[in-house]
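Have a look at the structure below, then the notes.
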Amino acid sequence: MLNQQIGFFIFRGVRDALIHSGAFTLVFGDPKDGILFQIHKDPIRNLISHDILMFNENVAYFERYAAIYFSHLLVFLEQLAEVLKEKYKIKTVAKDASCNSPGFDIILDWM
């Protein structure tokens, strides 16, 4: 599995390439294969290449990529909340929290 810190730099690099450096995304494949994609940057090179994410040597599974990225985000937010809770002496009110967003169920299934 991707180390959390390495994962952050990989995901940030992909995001920065897409937003700031002119990288582009290709999506293709049959629906039975899931959502398959590539992210390229000039000179042509695939920015997604970690074995656990790959459908083949050139194409990644979006579901796996999104699940790992979102998992890292949730871990980060949990750690941030703990730091803020301790720093500002925040008392926990609710023991259980939930999210009712329709998209959240999908990402949970992918994870």
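The values are calculated or read from the model by the stated rules, or taken from the named source; none is laboratory data. Being a predicted model, the structure only gives us computed values, none of them experimental. FYI the Cβ positions are ideal-geometry reconstructions off the backbone, even for glycines, and counts take in every protein chain you see.
For this structure, a couple of remarks:
- Scanning segment 1-37 for residues that are part of a helix (DSSP H, G or I), in contact with a strand residue (DSSP E or B) (Cβ under 8 Å, 6 or more places away or on another chain) and modelled with pLDDT under 90 yields a count of 1.
- Top-ranked residue in segment 15-30 [being of a type in the set (G, A, S) and closer than 13 Å to N46 by Cβ; ranked as farthest from the chain's Cα centre (by Cα)]: A23
- Candidate set: segment 39-52, residues that are under 13 Å from Y65 (Cβ atoms) and touching a Phe, Trp or Tyr at 6+ places or on another chain (Cβ under 8 Å); chosen: the one surrounded by the most Cβ atoms within 10 Å (Cβ to Cβ): I48
- The set of residues in segment 27-37 being surrounded by 13 or more Cβ atoms within 10 Å (Cβ to Cβ) and over 19 Å from I106 (Cα atoms) consists of G29 alone.
- Residue match in segment 90-102 (condition: more than 19 Å from F8 (Cβ to Cβ), outside any helix (DSSP H, G or I) and at pLDDT 90 or above): no
- Subset of segment 38-76 that is among the aliphatic types (A, V, I, L, M) and part of a helix (DSSP H, G or I) - its residue that is farthest from D105 (Cα to Cα): I52
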